[in-house]
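**Q** Shown below is the structure under consideration.
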Amino acid sequence: MGKQFPLIFEKRFDFYWKSIAIYCIVLILYSLLRGTLEEGTLTLRVSDPLVILLTLIILFSIVGYLFSIWKSPKVIVGKDYITLKTRFKEINLPANQISKIVIGKEIVSNLKRPMRIIKIFVTFRKAPFRIRPSLFWNHKELIEALIQFKKSNNK
C-alpha cells in the first residue's frame, strides 16, 4: 500500500532557535561573570567587545531564523514530478526531465558519520539539485518517497 501523492516535506528550523538559546545563555553567563555587584545591584558592562559580539550574533541569528521561516522551503514529491518550492520561486522537475536520482552519503569533516544526500540530475542544468533529507521534517519518509519515485519512473 503506497502513500498518497503529492507528498509535501517542509524544512526544519529547530537548529536556529537552539543556537539562539545557547548564545543567549553564554551572553547571560558572561555578563554575570563580568558584571559587578554594588550595594545589591548588578552592573553590566555593555561596552565590552565580547558582549557586543554575542549580541550581534544573536541578532543576526534571529534575522536569519525569521527569514528562513518566511521563505518556507518545501520539497513536493508527486507521482511524475518533484517540485522544489520557496516563497520566491518554484522549480518543477517533471519525470521526463530528470536523468537520474542518486541517493548517497556525503562525508562532512566535522561530523563522525556521513550525512545522507540526494542528488537530482536534470537535462537542463549541469549541476545536480542537492537535497539533504536530515534538514526536513520526516526525513525518512522523504528518502522513501524519492526511492519510490525513482523506482516508478526508472531513474
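**Q** Return the tail of the calculated pair distribution for the range 1-83, meaning the percent of Cα-Cα pairs more than 16 Å apart.
**A** It works out to 66 percent of all Cα pairs.
**Q** Placing unit charges on C-beta atoms (Lys and Arg positive, Asp and Glu negative, everything else neutral), compute the dipole magnitude of the chain about its Cα centre in debye, rounded to 20.
**A** Around 1160 debye, computed over the chain.
**Q** Continuing with the same structure: Once R0 is set to 41 Å, what does the formula 1/(1 + (r/R0)^6) return for the Cβ-Cβ distance between T43 and F67, expressed as a FRET efficiency to the nearest 0.05?
**A** Result of the calculation: an efficiency of 0.70.
**Q** Here's something else I'd like to know. Report, to one decimal in Å, the Kirkwood hydrodynamic radius for the chain based on all distinct Cα pairs.
**A** Taking the inverse mean of 1/r over all distinct Cα pairs, the chain comes out at 18.7 Å.
**Q** Can you list the HN-Hα couplings for the range 85-90, worked out from phi with the Karplus curve (6.51, -1.76, 1.60; θ = phi - 60°), rounded to whole Hz and with x for Gly and Pro?
**A** Residue by residue, the range 85-90 yields 10, 10, 5, 8, 8, 9 Hz.
**Q** Which Rg and Dmax, in Å, describe the Cα atoms of the range 78-152?
**A** 12.9, 37
**Q** Using helices alone, what [θ] at 222 nm do you get for the chain, with -39,500 (n - 2.57) per DSSP H run of 4 or more residues, divided over all residues and rounded to the nearest 500?
**A** Result for the chain: -13000 deg cm²/dmol, rounded to the nearest 500.
**Q** Here is a further query. Enter the angle in degrees (range 0 to 90, nearest 10) between the Cα long axis of helix 49-71 and the first principal axis of the Cα atoms of the chain, meaning the one along which they spread out most.
**A** It is inclined by approximately 30 degrees.
**Q** Turning to a different aspect of this structure: Could you check the spin-label model distance between E90 and L33? Points 7 Å from the Cα along Cα→Cβ, value in nm.
**A** Label-label distance for E90 and L33, simple model: 5.1 nm.
**Q** Now for a separate question. For the residues S99, S61, what sequence is obtained by ranking on other C-beta atoms within 10 Å, fewest first?
**A** With the fewest neighbours first, S99, S61 line up as S99, S61.
Coordinate-derived values only; no laboratory data. These numbers come from a predicted model, not from an experiment. Note that each Cβ is placed from the backbone with ideal geometry, even for glycine, and that neighbours are counted across all protein chains shown.
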